[in-house]
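The values are calculated or read from the model by the stated rules, or taken from the named source; none is laboratory data. This structure is a prediction, so every number in the text was calculated from the model and none was measured. All Cβ positions, glycine included, derive from the backbone under ideal geometry; neighbour counts span all protein chains shown. Just the protein is used for accessible areas: all its heavy atoms, side chains included, with ligands, DNA and RNA removed. Shrake-Rupley method; radii C 1.70, N 1.55, O 1.52, S 1.80 Å.
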Amino acid sequence: MKVLFATPETAPWVKTGGLGDVSAALPPALAALGHDVAVLLPAYAGLERIAGDLAGVFSLPAEGPWPAAQLLRLRIGGGGTTLLLLACPALYARPGTPYGAPGGGDHPDNALRFGLLARVAALLGTAGSPIPGWQAGVVHANDWPSALVPLYLRQAREAGDATAARSVLTIHNLAFQGVYPMEKADLLGIAPRHRGVDGVEFWGQLSMLKAGLQFADAITTVSPTYAREIQTEAQGFALDGVLRAHAARLHGVINGIDTAVWNPATDPLIAARYDAARLGGKAACKAALQARLKLAAEPGALLFGLVGRLTAQKGIDLVVAGAGGLLARGGQLAVLGSGDAALQAALADLAARHPGRVGAAIGFDETLAHQIEAGADCFLMPSRFEPCGLNQMYSQAYGTPPLVAPVGGLADTVDDGVTGFVMREAGSQSAFDEAMARVAAAWRKPGDWWRIQRAGMQRDFSWARPAADYAALYAGLAAAG
């Protein structure tokens, strides 16, 4: 099948979270199954210099509110996928993240920026595809920045294009919805008949994500548990009713991890390589991590690691409040991340008050992220909600049993007492502290700890099964016409 994967970010070129990793790993896994896969990505500043074989430049003339643009078709590496860069310098070639300026805050024209991404993605799935001889049979949109794709494809079918592609929308995080004033509907080319409550209307405004949920031929999210959670009022972010209405089209498909990148047996970023049969290298990784973060060189200290956004959603406040108990047991803490200013300050203060016991690196460093996964003894991930999560899978692959909350993909990928430790409830300080005590008790029994490490390292978290699940979903949509 010809599959177009439309995304606002793709690692290693642009990444703000798990979506960037998924966009880098799932398309090659689908290509490995024999599908013709193209990834559509905005040409943000600097991306025009991506190394690859230029296989074509296709013009997109200005039309109505849409500015002129180009598609640059690149063959990248040996993964079997094609990268389509959507080049429109006025919209994309600017400093900052894909979504906002360097100083913070969203770009004011994000509705147009991501509306264009969705429009071009939909065009590539219609008879009017700008690439001669290539029309997607399925367009796979991701999160709110490309969530207008299903609506545009529906409008193409309503206009008489019987060949218009089927659409899949994946929710990576329901909390981000692309909500704008309803007057943007004219700018975005949304037909008046689709502007009501059964279309894009969301509390008097326009929601790009709701549009995708209403019109997608299939909706997926990144774990079975999260698929159930988002149909509840507590975690539905006011879209739970829409999701319940479309529950028959909602599928939970757990993400995989890139096992070529996240593999302790081959990882070039860690101090020593090791695997489930030969765990000796992990001690060297722990010593190297302690040295890098100026922690005391104590092989027997229970070293906890944490990598991620420093927000309440991730349960970082539980870690800060529980650090006293951790340290009282002789433990150590290694943190890498950025986010809420108060949490950053609290972690920096912990490190200052406990030199040699707490190391906090504010920001992001890919090498250090790998070193924490390999060098820590236990990885902390007590999230209040977590659609899928990747670090708990990285941790198990690296023989670093994770401590997680019983939510989303964490519940689906960590077996309590077998491959890691699961809190009895999310968001509870007492549940976090109790789980920490269970970690410490297991650590004092080397045989038990070794069995937990081995069990996690023997799990298959590759993209092979998720890719097969998506391929089967695509095939079903194609067969349904």
**Message:** Rounded to the nearest 10 Å², what accessible area does residue 59 have for a 1.4 Å probe in the complete protein model?
**Reply:** 90 Å²
**Prompt:** For the chain, with only Lys/Arg (+1) and Asp/Glu (-1) charged at the beta-carbon, what is the dipole magnitude about the Cα centre, in debye rounded to 20?
**Reply:** 680 debye
**Prompt:** What number comes out for the charge environment of residue 135, summing +1 per Lys or Arg and -1 per Asp or Glu over other residues with Cβ under 13 Å away?
**Reply:** 0
**Asked** At 10 °C and 1.306 mPa s, what whole-number value in µm²/s does Stokes-Einstein give for the translational diffusion of region 1-49, with Rh from the Kirkwood sum over Cα pairs?
**Response** 142 µm²/s
**Request:** Have a look at 441, 376, 351 and report the one farthest towards the positive end of the charge dipole of region 338-481, computed about the Cα centre with Cβ charges (Lys/Arg +1, Asp/Glu -1).
**Result:** 441
**Prompt:** Which whole-number percent gives the relative contact order of region 221-334, counting Cα pairs below 8 Å spaced six or more residues apart?
**Reply:** 16 percent
**Request:** Please name whichever of 458, 474, 62 sits farthest to the positive end of the charge dipole of the chain, dipole taken about the Cα centre and charges placed at Cβ: Lys and Arg +1, Asp and Glu -1.
**Result:** 458
**Asked** Would you list 274, 152 from the most to the least accessible area, probe 1.4 Å?
**Response** 152, 274
**Whole-Hz ³J(HN,Hα) from phi, Karplus 6.51 cos²θ - 1.76 cosθ + 1.60, for region 316-324, glycine and proline x** = 5, 4, 5, 5, 4, 5, x, 5, x
**Cα lying deepest toward the dipole's positive end in region 5-160, options 7, 134, 42, charges on Cβ** = 134
**Tilt relative to the chain, helix 149-158 - C-alpha long axis, 0 to 90 degrees, to 10** = 20 degrees
**Message:** Highest mean first, how do 254-264, 391-401 rank when packing is the count of other Cβ atoms within 10 Å averaged over residues?
**Reply:** 391-401, 254-264
**Dipole magnitude of region 4-67 about its Cα centre (Cβ charges: Lys, Arg +1; Asp, Glu -1), debye to nearest 20** = 120 debye
**Message:** Taking a virtual spin label 7 Å from the Cα of residue 345 along the C-beta vector, which residues in region 277-313 bring their backbone nitrogen under 18 Å of it?
**Reply:** 310-312
**Prompt:** So, with +1 on the Cβ of K and R and -1 on the Cβ of D and E, and no other charges, what is the size of the charge dipole of region 171-316 about its Cα centre, to the nearest 20 debye?
**Reply:** 520 debye
**Item:** Relative contact order (percent, whole number), the chain, Cα cutoff 8 Å, 6+ residue spacing
**Value:** 12 percent
**Request:** Quote the FRET efficiency, to the nearest 0.05, computed for residue 32 versus residue 68 with a Förster distance R0 of 41 Å and r equal to the Cβ-Cβ distance.
**Result:** 0.70
**HN-Hα J in Hz across region 45-58 - Karplus 6.51, -1.76, 1.60, θ = phi - 60°, x for Gly and Pro** = 3, x, 6, 5, 9, 4, 6, x, 8, 6, 9, x, 10, 10
**Message:** Need one number: nm distance between label points at residue 197 and residue 479, each 7 Å from Cα along Cα→Cβ, rounded to one decimal.
**Reply:** 3.7 nm
**Complete:** Stretched fully, the stretch from residue 163 through residue 437 gains (0.36 nm per residue minus C-alpha distance, one decimal, in nm) 92.8 nm
**Complete:** To the nearest 0.05, the calculated FRET efficiency linking residue 416 and residue 464 through their beta-carbon distance, R0 being 35 Å, is 0.85
**Complete:** Per principal axis, largest first, the Cα atoms of the chain extend in Å by 68, 46, 43
**Request:** Leaving ligands, DNA and RNA out of it, rank 282, 445 by accessible area with a 1.4 Å probe, largest first.
**Result:** 445, 282
**Item:** 1.4 Å probe accessible area per residue over the chain, in Å²
**Value:** 37 Å²
**Prompt:** Between residue 294 and residue 58, what FRET efficiency follows from the Cβ-Cβ distance if R0 is 56 Å, with the result rounded to 0.05?
**Reply:** 0.60
**Inter-label distance for residue 362 and residue 283, nm, one decimal - labels placed 7 Å from Cα along Cα-to-Cβ** = 3.7 nm
**Request:** Please list 363-373, 37-47 highest first by mean number of surrounding beta-carbon atoms within 10 Å per residue.
**Result:** 37-47, 363-373
**Asked** In degrees between 0 and 90, to the nearest 10, how far off the longest principal axis of the chain does helix 18-32 point, with axes built from Cα atoms?
**Response** 70 degrees
**Request:** Indicate, rounded to the nearest 5 percent, the antiparallel portion of the DSSP beta bridges found entirely in the chain.
**Result:** 30 percent
**Request:** Per DSSP H run of n ≥ 4, the term is -39500 (n - 2.57); total these for the chain, divide by its residue number, and report the mean residue ellipticity at 222 nm rounded to 500 deg cm²/dmol.
**Result:** -10500 deg cm²/dmol
**Message:** More than 16 angstrom separation, counting every C-alpha pair in region 142-203; what % is that?
**Reply:** 50 percent
**Fill in**
Between the Cα axis of helix 446-457 and the main Cα principal axis of the chain, the angle (0 to 90°, nearest 10) is 10 degrees
**Request:** Pop out the carbon and sulfur fraction of the accessible area of the chain as a percent, whole number, probe 1.4 Å.
**Result:** 56 percent
